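Presented below is the structure to which this report refers.
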Amino acid sequence: MESIAEYLPQHPFFAGLDESVAALVAGCAVNVHFRPGQHLFHEGEPADTFYVIRHGRVSLEVHAPAGPPVVVDSAHDDDVVGWSWLVPPYRWLFDARATEETSAIAFDGACLRGKCEADPAVGYALLQRVVTVMSTRLHSARIRLLDLYGASR
Amino acid sequence: MTALTGRGPSPGSPEETQDPFLPRPFVVSERRQDTRDTYTLVLEPVDGEPTEFAAGQFTMMHAFGSGEVPISISGDPARPDLLEHTIRNVGAVTRFLVQATPGTEIGIRGPFGTGWEVSAGRGGDVVFVAGGIGLAPLRPAILEVCAARAEYRRVLLLYGARTPEDILFGDELRRWGDEHAIDVQVTVDNGQHAWRGRVGLVTQLIARGGFDAATTLALACGPEVMMRYAAAVLAERGVPKARMRLSMERNMKCGVGLCGHCQLREYFLCVDGPVLTYDVLEPLMSRAEL
């Protein structure tokens, strides 16, 4: 398996980052592994981490009363999971649960927040990338709200 | 525009000499339940004459006493002796059709319209993008590819459904993957806790790539909003617009380009469509008044 420093520049999320910023980000990262059923994080807990999935599958879930959790989205190889580390009050909005053996890179969001505040250029570079992820997920959620497949074609 | 043609009746054939407004009698030989509200009817012609059709074409299905609806053919073009339609129960006529048991007589006009012409993708990659019941009109083209799999390179089927229970042709999806090396990726809008597959938009599957855009032939069928976004993502990835084919749905009535119910600007979708290329459709799909 490639090292984190080798992997990051090839990943679309980190593509184009200055070498110094990439090194800083890599310095805040560790490899992690989750077994099926294991949670990456829980709703309401402090969001001090975000993940890039290297291999595996993660469900983003919301607890529903009187029933099992509802899966609102899923993440797979190369997907970025979590932006709550960058948005106050820095609490997870969903549960994230591995549904198969999942290898990921975990980034210390709390550490990166500090770097972003200290250097606006780093903050802007990371925020641009996180906003792209947010935009994609928001678009997906909006279109799914239309319930296209449920309506008569 | 890349011209797409339906196979249509051959000169002198019974279909050519037959009045296009006269339903031809067929008998239901098999009825399969695909999902909660969707069924596939296998029909055999009463006169025994096979019905040649091109993948992507549709027929007008006549439920005697109820009315007539346009339904895409979902069967195998290599089996003109059997006509298959996959029908979702959404109204009075389709309710009659999905309840039709073996032996029920049903009238058929057609086949009508243009086909997918998936053979134009030979030598390159093929990407099928299906949403909901839109997988049914693509099935004949997928079966064509399976029958000549060696002539295509990578083949992807990217399929979005509402829930795991709404996934069509589940056994075939597995078989297409296992036996025909088709990269089948399924995503649903709403997943339950037990669902271990993908949850999200089908367009997100396109964005992940896995195909050579320049040589790709992309065929899309599903709700129009989904196809619009799918085509935009395919174009973003570099698939030429003339190599994207979308199956459009309007209010088909006559099936022969006379009544105008299915008009989309200068196109009568029952004869110029339903399959059109995206270079033609792009300016039309973004116009709300059309």
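Please label the shape of the range B:118-247 as rounded, prolate or oblate, based on the square roots a ≥ b ≥ c of the eigenvalues of the alpha-carbon gyration tensor (a/c under 1.5 means rounded; beyond that, a/b larger than b/c means prolate, else oblate).
Because a/c hits 1.5 or more and a/b fails to exceed b/c, the range B:118-247 counts as oblate.
At 7 Å along the Cα-to-beta-carbon direction for both A:V30 and B:E44, put a label point, then send me their distance in nm to one decimal.
So the label points at A:V30 and B:E44 sit 6.9 nm apart.
Give me, ordered by chain and number, the residues 5 or more places off B:A220 or on other chains with an amide H under 5 Å from its own placed amide H.
Excluding prolines and chain starts, which carry no amide H, the hits are B:V129, B:R245, B:L246, B:S247.
Short version: ³J(HN,Hα) in whole Hz for each residue of the range A:6-18, in order, from phi by Karplus 6.51 cos²θ - 1.76 cosθ + 1.60 (θ = phi - 60°), x for Gly and Pro, what are they?
6, 6, 4, x, 7, 7, x, 5, 9, 4, x, 5, 4
Please get the size of the charge dipole for chain B, origin at its Cα centre, with Cβ charges of +1 on Lys and Arg and -1 on Asp and Glu, quoted in debye to the nearest 20.
860 debye
Once amide H atoms are placed 1.01 Å from N in the peptide plane, what residues at a sequence separation of 5 or more from A:A47, or on another chain, have their amide H within under 5 Å of its amide H?
Residues meeting the criterion, in which the H sits 1.01 Å from N, are A:R91, A:W92.
For chain A, set up a Gaussian network in which alpha carbons nearer than 10 Å are linked by springs, and say which option among A:L126, A:L24, A:L93 fluctuates the most.
Checking each option, the largest mean-square fluctuation is seen for A:L24.
Radius of gyration and Dmax for chain B's Cα atoms, expressed in Å?
In Å, with Rg to one decimal and Dmax whole: 18.2, 58.
Can you tell me the dipole magnitude for the range B:14-112 around its Cα centre, using point charges on the Cβ only (Lys, Arg +1; Asp, Glu -1), in Debye to the nearest 20? Before the final figure, lay out each step's value.
Details: 8 positive and 15 negative charges, 112 e Å.
It works out to roughly 540 debye.
So for the pair B:S29, B:E179, with labels modelled 7 Å out along Cα→Cβ, what separation do we get in nm?
Output for this residue pair reads 1.9 nm.
Tell me the label-point distance for the pair B:A207, B:T101, using the 7 Å Cα-to-Cβ offset, in nm and rounded to one decimal.
About 4.9 nm separates the two model spin labels.
Just want the ordering: A:D147, A:D95, from fewest to most Cβ atoms lying within 10 Å of their own Cβ. Working shown, then result.
Details: A:D147 12, A:D95 20.
The fewest-first ordering by Cβ neighbours comes to A:D147, A:D95.
How large is the charge dipole for the range A:28-145, taken about the Cα centre, if only the Cβ atoms of Lys, Arg (+1) and Asp, Glu (-1) carry charge, to the nearest 20 debye?
Magnitude of the dipole: close to 240 debye.
Quote to one decimal, in nm, the extra length available between A:S3 and A:A64 on full extension: 0.36 nm per residue of separation minus the C-alpha distance between them.
18.0 nm
Using DSSP, restrict attention to beta bridges with both residues in the range B:191-290 and report what percent are antiparallel, rounded to the nearest 5.
60 percent
Taking Cα atoms, how many degrees apart are the long axis of helix A:120-145 and the longest axis of chain A, rounded to 10 and kept between 0 and 90?
Taking Cα atoms only, the helix is inclined about 10 degrees.
Across the range B:32-45, in residue order, what do the Karplus-derived ³J(HN,Hα) couplings come to in whole Hz, using 6.51 cos²θ - 1.76 cosθ + 1.60 with θ = phi - 60° and x for Gly and Pro?
10, 8, 8, 9, 3, 10, 10, 10, 10, 9, 9, 10, 10, x
Take every DSSP beta bridge with both residues inside chain B and express the antiparallel ones as a percent of the total, to the nearest 5.
60 percent
So what is the relative contact order for the range B:118-247, in percent, with contacts set as C-alpha pairs under 8 Å and at least six apart?
Across the range B:118-247, relative contact order equals 31 percent.
For A:I4, A:I53, B:I206, what ranking results if the residue with the fewest other Cβ atoms within 10 Å of its Cβ goes first?
If I rank by nearby Cβ atoms, fewest first, I get A:I4, A:I53, B:I206.
Would you pull out the residues with amide H under 5 Å of B:A161's amide H, same chain only if 5 or more places away, H placed 1.01 Å from N?
Residues meeting the criterion, in which the H sits 1.01 Å from N, are B:G132, B:T187, B:V188, B:D189.
Using the beta-carbon distance between B:A147 and B:N89 and R0 = 25 Å, what value does 1/(1 + (r/R0)^6) give for FRET efficiency, to the nearest 0.05? Kindly include the intermediate steps, with their values, before the conclusion.
Details: r = 31 Å, r/R0 = 1.23.
Approximately 0.25, to the nearest 0.05.
Can you work out the PRE-style zone for A:A118? Point 7 Å along Cα to Cβ, and I want the residues of the range A:1-29 with backbone N under 18 Å.
Residues passing the 18 Å test: A:18-29.
Every number in this text was worked out from the coordinates using simple rules, so none of it is lab data. Quantities reported herein were computed from a predicted structural model and do not represent experimental measurements. Cβ coordinates were reconstructed from backbone atoms using ideal geometry, including for glycine residues, and neighbour counts include every protein chain displayed.
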